[in-house]
Amino acid sequence: MATTDTDPNPTLAWAAAALDAVSKAGRAVSAAKRTKSRALVARANRELRDAVDAARDVGVEWGEIGTALGIARGNAYQRYRKRPDEPR
């Protein structure tokens, strides 16, 4: 992605977009839980995990992720710090 005059800090734009995706995915998980459909909840949780991973990849801090999800920084860290493909 090339830097333009209209976007002096592309990293900031990526971080804002990533946080927006985390927030939307968090709301999708809540909505899926209300349906009581295991398949929808599982898919929404995968999308949330992907959104959190993408946010971390562009430098979004755990506190910002927690705020987007309505949880504390430490809770966000504990819940999402390990990626599913990482060994325990």
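The values are calculated or read from the model by the stated rules, or taken from the named source; none is laboratory data. Values in this document were obtained by computation on a predicted structure and should not be read as measured data. Note that each Cβ is placed from the backbone with ideal geometry, even for glycine, and that neighbours are counted across all protein chains shown.
Here are a few things to note about the model shown:
- Region 61-86, subset part of a loop (DSSP other than H, G, I, E, B) and without any contact (Cβ under 8 Å) to a residue 24 or more places away in the chain, residue nearest to Lys24 (Cα to Cα): Ile71
- Every residue from region 32-52 that is loosely packed, with under 12 Cβ neighbours inside 10 Å and either among the polar types (S, T, N, Q) or touching a Cys at 6+ places or on another chain (Cβ under 6 Å) (or both): Thr35
- Leading residue by the ranking (farthest from the chain's Cα centre (by Cα)) among those in region 35-60 that are among the polar types (S, T, N, Q) and assigned to a helix (DSSP H, G or I): Thr35
- Taken over region 18-49, the criterion of being within 17 Å of Lys82 (Cβ to Cβ) and without any contact (Cβ under 8 Å) to a residue 12 or more places away in the chain is satisfied by Arg46 alone.
- Residue that is nearest to Asp53 (Cα to Cα) [pool: residues in region 1-16 that are in a helix (DSSP H, G or I) and either modelled with pLDDT of 95 or more or not hydrophobic (A, V, I, L, M, F, W, C) (or both)]: Thr11
- Looking only at region 53-70, residues that are touching a Gly at 6+ places or on another chain (Cβ under 9 Å) and surrounded by 15 or more Cβ atoms within 10 Å (Cβ to Cβ) come to 4 in all.
- Just one of the listed residues (Arg27, Arg34) is at pLDDT 95 or above and over 14 Å from Ala68 (Cβ atoms), and it is Arg34.
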